[in-house]
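For reference, the structure is listed below as structure tokens.
The values are calculated or read from the model by the stated rules, or taken from the named source; none is laboratory data. Please read all numbers here as calculations on a predicted model, not as lab measurements. A quick note on method: Cβ atoms are made from the backbone with ideal geometry, for glycine too, and the neighbour counts reach across all protein chains shown.
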Amino acid sequence: MIELACYDGGLRFSKLEYPYELDKLKIGKFEYFNKHLGMSDYMGNFSSWLKRQSVTLIVGIDDATIVGWVMTERWKQNAKDGRPIYVLRAIEVSPTIARKGIGKVLFLLSFKACFGHMLTKPVNSIAKAFFLSLGFQEPGKNCPVDLSSYPGYLFLPEGYDLNTIPDELKLSKGGISECQKDISLKDMLRPEFSSSSVQDAVAVSTKETVPVRENVRHNAAKTVPKTENEAQYVPSAVSTSTPAIQCIPDPAISKDREFLKEHKMMSPCSCGEYMTHKYAVSGKVPGFLFVCTACEKERYFLKG
């Protein structure tokens, strides 16, 4: 577990590294993913995600209880400029601490830890306004990530200056650097990425060359004005009937598949995982496809 930031009141934020670290923690009250995606076993899902090198899971912890979390995943290719791409798949805050800016902090730490370009796909206008207020952009002609086949995705460039750090939040620069190094070194074990990723991973192996995001500025315009109400309301969407942010599948998945929800199979995959992503498949043979959440193996296809 790598500590990234904390408040004086005791709430701390950490990147989890291994499934066994969950044994020392409890899960707080969460509603959104349980209600809309049937994610009743949060700890089981967290444990499964932590077994995947591509996943970064950051949690907010209050007295050994997880009260917020954000999950990002390395996309299976680099951008046209050679830089890594990360997809923000899910973010949730317990209703017990809703509207206190915790969701924004979780996003901020995720963006700092995963140094590279970031994508997300908001599911409604409220979520879209929130992400635009943070600096996400509609992908333009010069966007280093080709999203022409993936409508609805927003793009945040690496190095964007996030002026959203609360004064009372104490960042651990050592922890963030360690997290960046850990994520980069994992890229060295993933041969599908270009050599530029390996070179960057080697570069961050010393403290002197770790890029400091605070010192890099980007001139991209924010298309929606940031308001305090918007920033605090959206991450706590679990406390409202309007869903704002939800798990989304890898944008590299074929566009004839539409992500529906997570689904638990009756038997485990060959890797031992029970949970799958369920997709509605269109085309010549429509139906429903179930893909393992851990190893991404296609488990089952049910003709529609």
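Below are the figures for this structure:
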quantity: Residues (over 16 Å from HIS263 (Cβ atoms) and surrounded by fewer than 17 Cβ atoms within 10 Å (Cβ to Cβ)) located in the stretch 28-51; calculated: LYS29, GLU31, MET43, LYS51
quantity: Scan of the stretch 129-168 for residues that are buried (at least 18 other Cβ atoms within 10 Å of the Cβ) and within 14 Å of LYS104 (Cα to Cα), ordered by number; calculated: ALA129, PHE130, PHE131, LEU132, SER133, LEU134, GLY135, PHE136
quantity: Condition met for ASP182 (assigned to a helix (DSSP H, G or I), over 25 Å from GLY9 (Cα atoms) and either acidic (Asp, Glu) or not assigned by TED's automatic domain parsing to the domain that holds ALA79 (or both)); calculated: yes
quantity: Residues that are out of contact with any helix residue (DSSP H, G or I) (no Cβ under 8 Å at 6 or more places or on another chain) and surrounded by 19 or more Cβ atoms within 10 Å (Cβ to Cβ), drawn from the stretch 60-85; calculated: ILE61, GLU73, TRP75, ALA79, ILE85
quantity: Test: residue in the stretch 100-119 that is in the same structural domain as ASP62 (by TED's automatic domain parsing), of a type in the set (Ser, Thr, Tyr) and assigned to a loop (DSSP other than H, G, I, E, B); calculated: no
quantity: Residue satisfying all of: in the stretch 49-99; modelled with pLDDT of 90 or more and polar (S, T, N, Q); farthest from PRO157 (Cα to Cα) among these; calculated: THR65
quantity: Close pairs from the stretch 145-163: first over 18 Å from GLY116 (Cα atoms), partner buried (at least 21 other Cβ atoms within 10 Å of the Cβ), Cβ under 7 Å, at least 6 apart; calculated: GLY152/LYS121
quantity: Leading residue by the ranking (modelled with the lowest pLDDT) among those in the stretch 125-152 that are within 30 Å of GLU3 (Cα to Cα) and aromatic (Phe, Trp, Tyr); calculated: PHE130
quantity: Residues located in the stretch 137-189, provided they are of a type in the set (Asp, Glu) and within 26 Å of ARG52 (Cβ to Cβ); calculated: ASP146, GLU158, GLU178, ASP182, ASP187
quantity: Candidate set from the stretch 32-70 (those that are in contact with a strand residue (DSSP E or B) (Cβ under 6 Å, 6 or more places away or on another chain) and without any contact (Cβ under 8 Å) to a residue 24 or more places away in the chain); member that is nearest to GLU17 (Cα to Cα); calculated: VAL55
